[in-house]
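A quick write-up on the structure given underneath.
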Amino acid sequence: MSKYSDLRETMSRDRASLLTEFTPVTTAVEPAADIGVLRRGWRTVRQSFALWNYNRRARRELAQLDTRSLQDIGIAPELADYEASRPFWRPLRNLRD
C-alpha cells in the first residue's frame, strides 16, 4: 500500500506545482485586426441590405405587371403572384423554369 500512497503524493505534488507555476498568457489584440473584422462584418451587412432591397424592388415590379405582360415574358401569373407575396429576405426564384 505504501507504493500507491507514494504515487498519490507524487501526483498531488506535481499537480500542485503545475497550478502554482501556471501563468496565463494574454495576448493583446491588434487594433488593426479588430478594424478589419468590423469592416468585413459591416460589408456583409451592407451586402445583405442591398440584396434585400433588390429583392423587394423586383417583387414590387413583378406585382405591378399585368397578366398579358407576364405571359409575354414567359411567366405564369400564379407563380408571379406567389413570388410577389414572398418576404424580401427570401431569395428570388427563377420564374421561367
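Here is how the numbers come out for the structure above:
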{"item": "Selected residue [exposed (fewer than 11 other Cβ atoms within 10 Å of the Cβ) and among the hydroxyl-bearing types (Ser, Thr, Tyr)] from SER48, SER85, SER69", "result": "SER85"}
{"item": "Residue within the range 41-55 that is among the basic types (Lys, Arg) and modelled with pLDDT of 80 or more present", "result": "yes"}
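The values are calculated or read from the model by the stated rules, or taken from the named source; none is laboratory data. Owing to the predicted nature of the structure, the values given are computational and were not obtained by experimental measurement. So basically every Cβ, Gly included, is an ideal-geometry build from the backbone, and we count neighbours across all protein chains shown.
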